[in-house]
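Only one structure is covered here, and it is reproduced in the block below.
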Amino acid sequence: MATGTIYALTPLTVCVVVVAAVVLPLFGAGLSSRDRRWLTIVVCAAIVARVLIVGGMFLRNIQVHDDQFVGATSGDEAYAMSRALRTRDIVRGWPTTKYDYFVAYDEYGRNSFIPALTGLQLIFGPTPYSLRLLNALLFLCAALLLFRVAYRAFGRVTAFGGLLVVLFWPSLFVWSISLLKEPLYFLCGAVAVTCAVTIAGDPRWRVRAACVAATVLAWATMRDMRPAALVLAVGGLATGIVLFIFTASKRAAFVAVASAVAAIVMLSLVPPLQRRVVAGVEAAAKVQMGHVFTVGHAYKLLDAGFYVKPATPAASSLTLRADEAARFVVRGVLSFVLVPLPWEVQSARELAYLPEQLAWYALVVLLPLGAWAALGRGRLAACMLMGYAAPTAVVLALTNGNVGTLLRLRGLVIPFVAWLSVAGIDALMERSKRLVDERGRVFGRVNLFDAALIAFAIAVVPIAYGTYLLFRAPALRIESVERVPITREERRVAGGSTLTAKLKVRGTGLRPMLRALIDQTPALGFVFEDPHSADVLVGEVPAGAHDLILFDGVQEVARAPRAVTIQSEPSPEMLALGAFSQLDEETAGSIAAVRLSSSLEIVNAGPRRPDANGRWQREAEMRVQCDPDPAGEGCVVGGVLLNAPRPPTLQLVLPSGRVVPFIVNELLPNTPPQFVTARVRLASAPEPLALVRVGDRDDVLDERAATVVAVGSRHATDVDVTIRAGLDQSRDGRVYRGRAFKAGAPFRLSTDRYGCLTARNGAPRRFSKPHTPLQPHALPPATSRRCQGANKADAGS
């Protein structure tokens with residue numbers, strides 16, 4: 001009755017208990033009674049600890065238990081359970097929403113663990129706590145499989161020590177009672193390693209066939225559990241087999257070392273092979289860069305200059321040289337072991353992890369000695385454990401850039417290397433008595449002081465020198481300097497200064513804080529992109545060939561002789577028509593025709609007028625000398641583009657020293673106009689037409705202004721007049737103030753006495769002088785302040 005009640009409340013828990021009662025005793029088969037008893041104690045302690053933690057979770061979450069609770073409040077656990085429960089609802093035909101379908105069929109997070117989780121929810125109903133117990137059972141089975149391998153290969157001390165480390169290692173303990181895929185993934189790996197060792201050591205064909213089937217099942221289960229999981233698993237066993245072959249004898253080990261040296265030499269001497277290897281490292285580095293620019297505590301493996309511009313792996317244009325790739329690999333391996341360093345802890349969680357990090361350091365220190373000792377006791381098992389962990393460790397070392405992710409994924413390696421590190425403790429205890437004799441001699445031959453000197457000379461000095469060669473700051477070298485178009489962003493950065501050219505500098509060892517000089521003239525800016533590329537913005541530099549010089553502080557670090565060529569080009573002159581604004585009355589009255597600078601001159605000034613804000617304004621015509629414009633955008637003065645869509649504003653210094661704004665409304669060529677006489681028909685309301693008189697002048701200060709020289713017949717809605725106007729020649733024909741001047745084209749006339757009158761039938765009558773070609777600059781249409789919005793009148797004239 002009690003069992004039935006419990007099964008009704010939590011059926012999966014009852015199934016887990018039954019399976020555990022049947023399976024766990026099998027791992028004690030073949031052990032001595034003493035060892036079986038110790039194994040029972042260790043396993044029972046592990047089970048009790050996990051059951052207590054899961055029970056505590058249940059009690060803590062009682063207040064949030066409802067039909068929406070998935071067993072976790074955040075993180076990957078909540079996502080996995082929520083997705084499984086949503087899929088269960090869809091399969092059973094229960095009421096769902098579009099969002100349920102989106103989550104259930106989303107490609108993000110799709111792996112083979114989700115269908116298994118969904119199947120459990122379909123069979124047993126919501127199982128947030130029973131599933132934790134099931135994961136704990138899977139983890140225990142995986143650890144006990146490796147315990148059996150270590151017991152037969154390395155002895156009871158190493159086996160029990162490794163089991164204690166795996167079962168009670170803090171992060172692995174949390175793993176084992178989570179709602180995540182790690183316990184199942186660990187079990188698949190343990191099955192593969194155990195079967196590989198058993199196939200080689202057991203002559204019975206039925207056992208071997210069963211191991212092959214179990215390995216295939218494990219691989220099929222883990223195939224979609226992680227990206228490239230099957231590749232890592234097969235590569236791990238293959239690495240173990242290779243290690244087993246090369247550790248068979250001293251001759252085989254010598255062949256392995258010689259092959260490694262030959263591979264390194266070939267890599268350095270054969271460029272195609274080197275490029276392929278570097279391309280693979282680049283792909284890993286792009287993934288690592290993506291992890292760096294995520295939320296959390298990040299760490300960097302590339303040189304600092306590569307982390308200036310965030311980019312996804314698909315969008316990244318990262319390229320590495322051989323030395324940069326080598327530094328990346330070395331930093332990756334060291335970071336996999338050392339990160340997070342105790343003095344770099346940034347959060348309370350990392351501080352709580354610190355004791356485990358110190359224990360990890362101890363495992364790493366003991367690993368070489370333990371591997372050597374394990375090879376002498378059970379070579380096949382040692383090679384399989386090392387080989388299976390190696391590919392996963394390398395991939396994690398080279399693709400990760402987040403501390404939290406590293407700490408979680410490093411647990412994929414710890415269960416396999418823990419046995420080897422414990423073997424190191426066992427070997428150290430056995431050999432400590434034989435290492436130094438009573439006379440203080442190492443191995444009975446060399447005194448301890450001489451042994452330390454020999455070790456220093458053989459190991460420390462070469463390692464230190466090699467580290468210096470690899471990690472010293474790369475020499476800065478300029479390989480090419482190319483002139484590229486100037487963009488609007490560079491003009492904005494120039495801040496009004498004259499921008500003559502933009503240079504693309506490519507080389508090695510470029511750094512963000514460098515200064516660039518063109519001969520003795522400082523560049524406007526040095527824009528760092530990455531250690532191989534930067535932009536140099538060139539200001540006012542005399543024409544000719546110049547050296548590009550890079551400085552780090554006050555020290556010259558690179559020079560490209562005669563790499564910058566500035567061609568002598570005549571600066572075009574234009575007429576800018578506009579108005580000074582925001583003036584006081586005294587300043588407005590002082591404006592007159594005067595040269596303001598070598599490139600700016602007031603040619604004509606109109607009457608001063610008050611504006612709506614109680615200030616004064618004054619129209620003026622200015623002759624401006626355009627700056628050299630490599631981008632060909634038009635007339636640029638002090639970094640301001642005058643033929644911009646919106647009226648640009650120049651900040652000008654008057655002879656009195658005051659800085660006043662000048663709004664440019666119109667831009668005309670500084671060439672003599674071609675005067676013509678034409679008859680036009682002006683159309684408007686009767687009242688403005690009655691005001692048209694001979695001598696009326698278009699509202700523009702320039703001599704091109706159209707003037708009425710005769711008035712013909714008048715009608716109710718139009719009047720015929722004869723005008724004299726100055727035209728300019730453009731690529732599209734004759735223009736008046738930037739607008740086409742031909743029969744049928746719209747013509748506008750505005751004066752102080754009336755607004756804007758328009759006509760369409762302008763026709764030139766005669767020319768007073770031949771036309772003069774314009775400077776090759778785009779001219780904007782004329783914009784009179786009284787003709788704003790006059791386009792509507794064009795259609796009806």
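Where Rh is the Kirkwood radius over the Cα pairs of region 477-566, the temperature 20 °C and the viscosity 1.002 mPa s, what D in µm²/s does Stokes-Einstein return?
Numbers: Rh = 12.9 Å.
Answer from the Stokes-Einstein relation: 166 µm²/s.
If you add up the charges near Ser176, with Lys and Arg at +1 and Asp and Glu at -1, over every other residue whose beta carbon is less than 14 angstrom from its beta carbon, what do you get?
Values: positive: Arg50, Arg132, Lys181, Arg408; negative: Glu77, Glu182.
Once positives and negatives cancel, what remains is +2.
Compute from the Cα atoms of region 58-169 the Rg and the Dmax, the latter being the longest Cα-Cα distance, and quote both in angstrom.
Using the Cα atoms of region 58-169, the pair Rg, Dmax is 18.4, 58 Å.
If packing is taken as the average count of other Cβ atoms within 10 Å, what order do 114-122, 385-393 fall into, highest mean first? Provide the component values of the computation, followed by the final result.
Details: 114-122: 17.7, 385-393: 22.8.
Taking the mean over residues of other Cβ atoms within 10 Å, the ranking is 385-393, 114-122.
On the first, second and third principal axes, largest extent first, how far apart are the outermost C-alpha atoms of region 2-229 in Å?
Principal axes ranked by extent give 57, 38, 33 Å for the Cα atoms.
What are the residues whose amide H is under 5 Å from the amide H of Arg734, where those residues sit 5 or more places off or on another chain and H is modelled from the backbone?
HN-HN under 5 Å from Arg734: Phe741.
In Å, what Kirkwood hydrodynamic radius results for region 581-660 from the alpha-carbon pair distances? Present the calculation step by step, with values, prior to reporting the outcome.
On the way: mean 1/r = 0.0725 Å⁻¹.
Value: 13.8 Å, from the Cα pair sum.
Starting from the Kirkwood Rh over alpha-carbon pairs, what translational D in µm² s⁻¹ does region 4-131 have by Stokes-Einstein at 25 °C and 0.890 mPa s?
On the way: Rh = 17.0 Å.
Translational diffusion coefficient: 144 µm²/s.
Count the lysine pairs in the chain whose Cα atoms lie under 25 Å apart, taking only pairs 8 or more positions apart in sequence or on different chains.
Working: Lys286/Lys300; Lys286/Lys309; Lys286/Lys504; Lys300/Lys309; Lys309/Lys502; Lys309/Lys504; Lys742/Lys769; Lys742/Lys792.
Number of lysine pairs found: 8.
Pick out the long, greasy-scoring helices in the chain: whole DSSP H runs spanning 20 Å or more along their own axis by Cα, mean Kyte-Doolittle at least 0.0.
Values: long enough: 33-60 (40 Å, 1.05); 75-92 (26 Å, -0.66); 130-154 (35 Å, 1.57); 182-201 (28 Å, 1.56); 205-222 (25 Å, 1.08); 229-246 (26 Å, 2.55); 250-269 (28 Å, 1.81); 271-292 (30 Å, 0.15); 322-338 (24 Å, 1.07); 348-377 (43 Å, 0.78); 379-399 (30 Å, 1.50); 414-435 (30 Å, 0.66).
Helix filter hits for the chain: 33-60, 130-154, 182-201, 205-222, 229-246, 250-269, 271-292, 322-338, 348-377, 379-399, 414-435.
Quick one: which residues, 5 or more positions from Asn643 or on another chain, have an amide H under 5 Å from its amide H? H modelled 1.01 Å from N in the peptide plane, none for Pro or chain starts.
Cys635
Based solely on C-alpha atoms, express the radius of gyration and the Dmax of region 242-434 in angstrom.
18.9, 59
Rank by packing, highest mean first: peptides 556-565, 671-680, 642-651, 397-406, with packing defined as the count of other Cβ atoms within 10 Å averaged across residues. Intermediate values should be presented prior to the final figure.
On the way: 556-565: 16.0, 671-680: 18.6, 642-651: 14.4, 397-406: 21.7.
Per-residue Cβ counts within 10 Å, averaged per peptide and sorted highest first, yield 397-406, 671-680, 556-565, 642-651.
For Ser112, what charge total do you get from the other residues with a beta carbon under 12 Å from its beta carbon, if Lys and Arg give +1 and Asp and Glu give -1?
Cβ neighbours under 12 Å give a net charge of +3.
Taking the alpha-carbon centroid of each part, what is the distance from region 515-571 to region 476-493 in angstrom?
10
Could you work out [θ]222 nm for the chain from helices alone, using -39500 (n - 2.57) per DSSP H run of at least four and dividing by all its residues? Round to the nearest 500 deg cm²/dmol.
On the way: 25 runs with 369 residues, N = 797.
Result for the chain: -15000 deg cm²/dmol, rounded to the nearest 500.
Please report the relative contact order for region 242-434, taking Cα pairs under 8 Å with a sequence separation of at least 6, and give it as a percent rounded to a whole number.
Numbers: 180 pairs, mean separation 53.1, N = 193.
Relative contact order for region 242-434 comes out at 28 percent.
Compute the Kirkwood hydrodynamic radius of the chain, taking the inverse of the mean of 1/r over all pairs of distinct Cα atoms, and give it in Å to one decimal.
On the way: mean 1/r = 0.0287 Å⁻¹.
Evaluated on the chain, it is 34.8 Å.
Taking the Cβ of Ala196 as the centre, find all other residues whose Cβ is under 14 Å away and add up their charges (Lys, Arg: +1; Asp, Glu: -1). Display every interim value, and only then the final one.
Numbers: positive: Arg148, Arg152, Arg208, Arg379; negative: Asp202.
Its environment carries a net charge of +3.
Each value in this text was obtained by applying a stated rule to the coordinates, not by laboratory testing. If you're wondering where the values come from, they're calculated on a predicted model, not measured in any experiment. Don't worry about glycine lacking a Cβ; one is built from the backbone with ideal geometry, like all the others, and counts go over all protein chains shown.
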